[in-house]
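Worksheet: the structure to be examined is printed underneath.
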Amino acid sequence: MSLLQEFGNSCVHWSLGLTFLVGLIASETSGVVTVIALPVSALSVTLSALCGASLNPTDTYKKRKLCDILDFFQIWMEILEFLAASATCARIASATIDYISNEKLREWFLGIESHSLGEPWPDILGVSIVIVVIGLFMMGLEKSPFFTALLLVAVLVTFGFFASVGCFETVVDLAKWSQDFKTCTMQTVISGAAMCSYGFNSSYQKITRHRLIKIVTMVFFPLFLYSFTTVVFTLMSHSKELAGTATPMLRVFELRDVDWARLVMSICMICTMCLALTEIFPSLYSLFEVLASKEWQIFLASLRYRNSFTGAPLLAIFSAGSLSAILAFACPLAYLVKILNVSTLLKAIAKSLLVLYYYYRPEFRNESYLVAPSSTQYSKLQSKNQKETNLKNKITGIISGWKKNVSPSRANRNRTPKEGTTQDDEYLLLNEYCDKSDVVLNEVSSDEDEKESIVSSDVEDSYSSTDVDVAVQEYRDKIQVATIDNFNENKYPTYVTATTVVIFLIIITIATISLSQVLIWKFYNLLWPCFTVSVFSTLIILVMPQNLYQSENGLLPKSVTPLCNLIAIQLHIILVSTILDEVWPGIVFWVSVGCLLFWRCDCCTCDGLFPNNNQKSKLNITENFTDNYVDTILISR
């Protein structure tokens, strides 16, 4: 995987975070709150991304089962994230073009200003941008590292231009700017961290080399961009002076009367948003193809049809583009931003739960671990009558001297098993007769005796192989199987431990939701009880036995991965609870649709598709055919 492909997904997050999210949060709250909220959001999202990298792409099932619902909802929430991201990019580009044209495009396209951010609604221009990008992909345009490189250049140029020009247009003193630390509250920091969650990459693809350097770059590079942009933006404008605007990064130049900078900044923002769409759409319609595959069968299999001329999945692109266009047309930008961040956090929660499921599932089977662990130990049985057995072996060796001229077939026919032994045991003892017998051949014998002696010598060679010697040695020594209670083996999860983990995860979820409400409504009397219950449940889950699940792409050690997942889940729940109050109807609708698609009845097994008995009699349908039925096939020559 090339370097640009590894950073392609991160560039999309950086483009939206730099051009819109940072300015929106800074204008709604303050620069100090945004600077403090950015590390909190980076820690939460990065921790989830590092834990989610422990999932192998081969951990899939051939048929849908109930345990696959976490994997399905991870994909389902990721689809919502891509849909909201594409619609947000289209709305930002449309609002930028409308601002540069002095709101004339709003009149041409029948847009009506009706929301808090002041963007046109319904947005016909945003739909047009989505349709153009969809048409390009349907005609054969593919995801290319060239577009990723252009997007990265556009992000760097936008940041460089804004930072260089903005530093010369500051009107707020840094000492006055730092006074907002006194008015900073826990609620505003958590709300700001939740609103900029999409600005950081929440899923890391397979990183081949130099993992530490790349991860540090993916975390600290956007953190530096956002923090420096926030400081410059808030130094150029007063507190909440640009609240309620869809393009705060443009209007800040209007406040400073820098008209030429508005044109350059608008061009940079439009190019960045359009290039971000070329990165979002391939990932979006590829997820539609995944849900239409044989492993899932959620969507129709025809979505995977590819045009023979262009090689593009036309139906998947059309379906994904249609949903994006609907969101860009009807959904206001203020609502889209919250859906975008909530879907990102919910996807991270589903991914963390999926990692915990793989670590604590009881039905784990590893192909390389062929022998199941048990608490048994094998040791040789110390015979008490060892002298008697040696004497017995000598006697049988002497007796075998006069049996050397007897054919093995006749000896086996006349042999009767002893008491306490089986027929197989007697066959194994033949090795002793063959090894300890001294073959003495008479010089003068008949032809029949010579034949029998040759057969006996061949049998001796066949019975003197290494495998038979080992088998007889094991039979002679015996095996004692002793079970030891305190055998030094690792314990593995069972269904009881898995159920315990699920119960305590539910307790952690309830306690974390209560803790978030305590922080928001300032009920500090309930702070320590909720925190204590959450910590106690976390410790109970960590002491549970784990299976041998190993990941090829894991970025964290296995010993700390469950703890990091539990911390990430609790952080995400706290962040989601602050912005879910306004967008919960849309999230509930999307989750309900996903549940219906996951548990829908298969079209081939629905009872309504089969005719009843009366209809069968009218149609003369015979259920059973006789075996004598012969179908005649005529083949033309």
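Take segment 523-549 and flag every residue that is touching a residue at least 24 places away in the same chain (Cβ under 8 Å) and either farther than 17 Å from Ser352 by Cβ or assigned to a helix (DSSP H, G or I) (or both). First the steps, then the outcome.
The first filter runs over segment 523-549 and keeps only residues touching a residue at least 24 places away in the same chain (Cβ under 8 Å), leaving 533-534, 537-538, 540-542, 544-549.
Val533, Ser534, Ser537, Thr538, Ile540, Ile541, Leu542, Pro545, Asn547, Leu548, listed by residue number.
Assuming Met265 fulfils every condition listed in (1) of a type in the set (A, V, I, L, M); (2) within 23 Å of Ala325 (Cα to Cα); (3) buried (at least 22 other Cβ atoms within 10 Å of the Cβ) apart from one, which condition is it?
Here Met265 meets the rest and fails (2).
With over 24 Å from Ala194 (Cα atoms), over 18 Å from the mean Cα position of the chain (by Cα) and not in a helix (DSSP H, G or I) as the only criterion, which of Pro557, Pro493 stands out? Walk me through it before giving the result.
Values: Pro557 fails: over 18 Å from the mean Cα position of the chain (by Cα).
Sole residue among the options that is over 24 Å from Ala194 (Cα atoms), over 18 Å from the mean Cα position of the chain (by Cα) and not in a helix (DSSP H, G or I): Pro493.
When you check Ser322 against the structure, is it within 30 Å of Met139 (Cβ to Cβ), part of a helix (DSSP H, G or I) and among the polar types (S, T, N, Q), yes or no? Even if it seems obvious, please write down each step before you answer.
Details: within 30 Å of Met139 (Cβ to Cβ): yes; part of a helix (DSSP H, G or I): yes; among the polar types (S, T, N, Q): yes.
So Ser322 passes the test.
Let me confirm something: among Val172, Val165, which residue is outside any helix (DSSP H, G or I) and of a type outside the set (Asp, Glu)? Let's see the steps before the verdict.
Details: Val165 fails: outside any helix (DSSP H, G or I).
It is Val172.
Within segment 318-325, identify whether any single residue is more than 22 Å from Ile579 (Cβ to Cβ), in contact with a Cys (Cβ under 6 Å, 6 or more places away or on another chain) and at pLDDT 85 or above, and answer yes or no.
no
Let me confirm something: among Ile280, Ile267, Ile207, Ile213, which residue is under 34 Å from the mean Cα position of the chain (by Cα) and modelled with pLDDT of 90 or more? Spell out how you get there, then give the answer.
Details: Ile267 fails: under 34 Å from the mean Cα position of the chain (by Cα); Ile207 fails: modelled with pLDDT of 90 or more; Ile213 fails: modelled with pLDDT of 90 or more.
Just a single option satisfies the conditions, and that option is Ile280.
Restricting attention to segment 133-156, does a residue exist that is closer than 25 Å to Val32 by Cα and more than 30 Å from the chain's Cα centre (by Cα)? Walk me through how you get there before you give the answer.
Going residue by residue through segment 133-156, those that are closer than 25 Å to Val32 by Cα are 155-156.
In the following step, the residues that additionally are more than 30 Å from the chain's Cα centre (by Cα) were identified as 156.
Within segment 133-156, one or more residues are closer than 25 Å to Val32 by Cα and more than 30 Å from the chain's Cα centre (by Cα).
Taking the condition assigned to a helix (DSSP H, G or I) and either within 13 Å of Ala348 (Cβ to Cβ) or at pLDDT below 90 (or both), does Phe82 pass? Working first, answer last.
Numbers: assigned to a helix (DSSP H, G or I): yes; either within 13 Å of Ala348 (Cβ to Cβ) or at pLDDT below 90 (or both): no.
When the stated conditions are applied, Phe82 does not pass them.
Since Glu582 meets every condition but one in (1) over 27 Å from the mean Cα position of the chain (by Cα); (2) not assigned by TED's automatic domain parsing to the domain that holds Ala37, which condition does it not meet?
That leaves (2) as the condition not met.
Which condition from (1) surrounded by fewer than 21 Cβ atoms within 10 Å (Cβ to Cβ); (2) modelled with pLDDT of 85 or more; (3) not small (Gly, Ala, Ser) is the one that Met236 breaks?
Looking at each condition in turn, Met236 falls short on (1).
Of all residues in segment 175-198, which are over 32 Å from the mean Cα position of the chain (by Cα) and outside any helix (DSSP H, G or I)?
Step one: list which residues in segment 175-198 are over 32 Å from the mean Cα position of the chain (by Cα), which gives 175-185.
Selection gives Lys182, Thr183, Cys184, Thr185.
Can you confirm whether segment 561-573 contains a residue that is surrounded by 13 or more Cβ atoms within 10 Å (Cβ to Cβ), at negative phi and free of Cβ contacts under 8 Å to residues at least 60 places away in the same chain?
Filtering segment 561-573 down to residues surrounded by 13 or more Cβ atoms within 10 Å (Cβ to Cβ) leaves 561-573.
Now narrow it down to the ones that are at negative phi: 561-573.
Still in the running and free of Cβ contacts under 8 Å to residues at least 60 places away in the same chain: 563.
There is at least one residue in segment 561-573 that is surrounded by 13 or more Cβ atoms within 10 Å (Cβ to Cβ), at negative phi and free of Cβ contacts under 8 Å to residues at least 60 places away in the same chain.
Does Ser203 meet the test of being assigned by TED's automatic domain parsing to the domain that holds Arg306 and in a loop (DSSP other than H, G, I, E, B)?
Values: assigned by TED's automatic domain parsing to the domain that holds Arg306: yes; in a loop (DSSP other than H, G, I, E, B): yes.
For Ser203, the condition - assigned by TED's automatic domain parsing to the domain that holds Arg306 and in a loop (DSSP other than H, G, I, E, B) - is met.
Could you check Tyr358 against (1) outside any loop (DSSP other than H, G, I, E, B); (2) more than 18 Å from the chain's Cα centre (by Cα); (3) modelled with pLDDT under 90 and say which number it fails?
It fails just one condition, (2).
Just checking, which of Leu152, Leu125, Leu156 is closer than 20 Å to Met249 by Cα and buried (at least 18 other Cβ atoms within 10 Å of the Cβ)? If you could, list the steps in order and put the result at the bottom.
Numbers: Leu125 fails: closer than 20 Å to Met249 by Cα; Leu156 fails: buried (at least 18 other Cβ atoms within 10 Å of the Cβ).
Sole residue among the options that is closer than 20 Å to Met249 by Cα and buried (at least 18 other Cβ atoms within 10 Å of the Cβ): Leu152.
May I ask you to say which residue of Ile97, Ile75 is at pLDDT 90 or above and either in a helix (DSSP H, G or I) or of a type in the set (Asp, Glu) (or both)? Spell out how you get there, then give the answer.
Details: Ile97 fails: at pLDDT 90 or above.
Of the residues listed, the single one that is at pLDDT 90 or above and either in a helix (DSSP H, G or I) or of a type in the set (Asp, Glu) (or both) is Ile75.
The values are calculated or read from the model by the stated rules, or taken from the named source; none is laboratory data. This structure is a prediction, so every number in the text was calculated from the model and none was measured. Every residue, glycine as well, gets a Cβ built from its backbone with ideal geometry; the counts of neighbours run over all protein chains shown.
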